[in-house]
Each structure stands twice: as structure tokens, then as C-alpha cells.
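**Student:** My structure is below; once you've seen it, I'll send some questions.
The values are calculated or read from the model by the stated rules, or taken from the named source; none is laboratory data. Because the structure is predicted, anything quoted here is derived from the model rather than measured. Backbone-built Cβ (ideal geometry, glycine too); neighbour counts: all protein chains shown.
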Amino acid sequence: MRKLAFGYSTRCNIRCEHCVATGDIPDSRTMDHGKAKKIIDQLALAGVGGISFSAGEPMLYFNEIVELVELCRQVNIYTRIVTNSFWAKTAESADRLVAELKEKGLCQLRLSFSRWHQKHVSQHNVLNAARSCQKIGLDYFISFVTDFSEEDDPYEQFLRDQGLTFFPEPVIYAGRAESFKRRSILTDYQPNCCDMNPYLTPDLEMYGCCDAGSHFPATNFFYLGNLNDHTMAELFTKSETDRLHNLIRTMGLTNIASFTGMKGRDIITYSKCELCRKLFNSPATLARLRAEVAELAAWSR
Ligand code: SF4
Ligand code: SF4
């Protein structure tokens, strides 16, 4: 099933130090609402079955997003909103908004949580939002962004103490987090395959990946094109027929890294997106992988 991260606006009301959506330049582009409504129809025609409203803070455009969610319901597209929970200051305000989202057809709320987010938004907002979802029957989960350091322990403990559904997500060292010192992690030698859901920006630029993928400035590896010049189906097909994109999906980044000559003990210090960035934001490595893609595809144990 095709899925898309829908960047209605890059505007956000807080400024997290780790934000991957924006760099240092104030960035608040917003999609034309009429255009956004037409895009929902195009998505349905292109066979897209799920949309995640992300980018900046979608709930700043509550009425507009609710309208888009309703349109998605009419064309059977699953919807998720990713939010920092600024709007859930009280249990009452959270209940009111969650009830409206549920009524208009939203399928899931994803609540962002981290030691960086919580410098700006009280953790009780996240708790209120989660409790409202539980009460009203809207699916939710908490995305716990972490660099796996001990500093994050109290935050994880808070989520556990409250019995909330959460999943740790590694911080991505891109955007504002570009300047963070990368923490080496030691993982198992796992394949690191990635589904790669495309991301649509407010300017209708489309990228093959929804996370750090739009921030590979040295190569623009994931850039697919602009919706003003192509149909939605054409842009999806572009990624689906790119041999390297497909090898990220099927072979995984660990094998690709090993093919380039990276040592196993070096590979296991990288999280998935970091490894992806190391390989595909390097013009020299990318040129080599493009030239040797047939050998890479045949490179198996
Ligand atoms: S991480 Fe999310 S909540 Fe934080 S500044 Fe970026 S878009 Fe806003
Ligand atoms: S692994 Fe690569 S393609 Fe997948 S989400 Fe991370 S940056 Fe994007």
C-alpha cells in the first residue's frame, strides 16, 4: 500500500533543538488549502491508502486539517496526525479536540515526546492527549524520541509510570540536530531495511523518504520532483522503480554499507537513518553505488 507523509505546513509553535523538519533558517511554508483538498483526490487516484500529517505542527491548522481528514475518510484513506500536544493543556480542551478528530474520521494520533519537546510543552499535555484518546477511543501512540542516553531515563519512566503506549525512536542527526555530537550506538548486525514512505512538502516537492530523506543536501538523493510538473502516481513510480531505493527496501542499509567496504564493527555504531545518510549523502559513494547497482543487487550471502 502506498503511504505519504503530508507536509501541510512547516510552521511550528515551538523550537525543539533536535528538530529535523527545519534547520536554523525560520521556515514556515504552508500549502494552499484549495490545492491540498485537490491533492487528496489525486492521492486516492494514485492508490495511496494512508497519510500522516506531519512536518511542522499540524494542529496549528486544526480546521484545515480536520477538513482534509474528512476528505480522506470519504476516499478511504487512513489518516494519522503527528503532534506536539500543545493544544492539550487541560483534560477538557484535549477531550474536545480529540472528540472532534475522532468524529471527522481521524484514525490515529501520534504524540511526540522527548527531553527536547518537553522543554517547551509540559509532559502533562502529552498525558492529557493520550488519556483523551483512551477515553474517546481514538488510536494513539507516543513517539519517544531519544538518543538512548541516561538523560532520557526519567522521560521513559514517566511514560511507563503512566502506563502509556510508546515506542522509542532514535533522534536523527539532521536539521537542527545536525550539530549534535553523534552518539555511537552498538546494535546487532541487523539488516536496516526501510519502507521509505514519500514526503510531500507545502511547496509540492516530493521526496522518497519522510524523515531525514529531504535533508540530504549534498546529493538530493531522495528528491522525486514537483507535483506541479508530474502526477502523484508518476512521482511514486519514480521511487518504486529506482533500483537503489528498492535495495534500501529489500536488501537493507547494512548490506549496502558492507558492500561499500564499511567494517562490520563500524556499521553497528550507526542507527538506520544515520547509516542511510552516510551512504547516500556522499556524492562519491552514491556515484559508485549507481555505477555498481547490478553487482550490489546480486551481492548476497
Ligand atoms: S520536532 Fe516537531 S514539535 Fe519540535 S520544533 Fe520540530 S516540528 Fe515542532
Ligand atoms: S533509513 Fe533512509 S530512507 Fe529510511 S527513513 Fe531513514 S533516511 Fe529515510
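**Student:** Show the residue pairs meeting these rules: Cβ distance below 6 Å; 6+ apart or different chains; first residue within the stretch 140-158 and of a type outside the set (D, E); second residue at pLDDT 95 or above and part of a loop (DSSP other than H, G, I, E, B).
**Tutor:** Correct list of pairs: I142/L164; V145/S114; Y155/R115.
**Student:** Could you run through the stretch 226-277 and say how many residues are closer than 17 Å to Y199 by Cα, over 22 Å from the mean Cα position of the chain (by Cα) and exposed (fewer than 15 other Cβ atoms within 10 Å of the Cβ)?
**Tutor:** 3
**Student:** Now a separate question. Failed condition for S93, given (1) closer than 14 Å to A129 by Cα; (2) within 11 Å of ligand 1 (Cβ to nearest atom); (3) surrounded by fewer than 18 Cβ atoms within 10 Å (Cβ to Cβ), with all others met?
**Tutor:** For S93, the failing item is (2).
**Student:** Could you name every one of the helices (runs of 4 or more DSSP H) located completely within the stretch 246-297 that has at least 1 residues being within 16 Å of ligand 2 (Cβ to nearest atom), among the basic types (K, R) and at pLDDT below 95?
**Tutor:** Details: elements: 253-259, 264-267, 272-280, 283-291, 293-297.
Output list reads 272-280.
**Student:** Please enumerate the residues belonging to the stretch 91-130 that are touching a helix residue (DSSP H, G or I) at 6+ places or on another chain (Cβ under 8 Å) and aromatic (F, W, Y).
**Tutor:** F113
**Student:** All but one of (1) closer than 22 Å to E64 by Cα; (2) within 16 Å of ligand 1 (Cβ to nearest atom); (3) not aliphatic (A, V, I, L, M) hold for G105, so report the exception by its number.
**Tutor:** Unmet condition: (2).
**Student:** Please work out which residue is surrounded by the most Cβ atoms within 10 Å (Cβ to Cβ), limiting yourself to the stretch 168-212 and to residues that are within 16 Å of ligand 1 (Cβ to nearest atom) and without any contact (Cβ under 8 Å) to a residue 40 or more places away in the chain.
**Tutor:** Here the residue is E169.
**Student:** Would you mention how many residues in the stretch 119-130 are surrounded by fewer than 19 Cβ atoms within 10 Å (Cβ to Cβ) and assigned to a helix (DSSP H, G or I)?
**Tutor:** Here the count works out to 3.
**Student:** Within the group S28, S9, S52, which residue is among the polar types (S, T, N, Q) and within 16 Å of ligand 2 (Cβ to nearest atom)?
**Tutor:** The conditions single out S52.
**Student:** Pull up the stretch 131-141, narrow it to residues that are assigned to a helix (DSSP H, G or I) and not polar (S, T, N, Q), then point me to the one that is farthest from ligand 2 (Cβ to nearest atom). Reasoning before the result, please.
**Tutor:** Going through the stretch 131-141, the residues assigned to a helix (DSSP H, G or I) turn out to be 131-136.
Pick out the ones that are also not polar (S, T, N, Q) and you get 131, 133, 135-136.
On the way: R131: 30, C133: 25, K135: 33, I136: 31 Å.
Filtering first and then ranking leaves K135.
**Student:** Suppose we filter E205, E240 for residues that are charged (D, E, K, R) and more than 23 Å from K35 (Cβ to Cβ); which single one remains? Before you say what the answer is, go through the steps one by one.
**Tutor:** Numbers: E205 fails: more than 23 Å from K35 (Cβ to Cβ).
Result of the check over E205, E240: E240.
**Student:** Considering only residues that are surrounded by fewer than 20 Cβ atoms within 10 Å (Cβ to Cβ) and aliphatic (A, V, I, L, M), look in the stretch 278-291 and name the one that is farthest from ligand 1 (Cβ to nearest atom).
**Tutor:** Per the criteria, the residue is A291.
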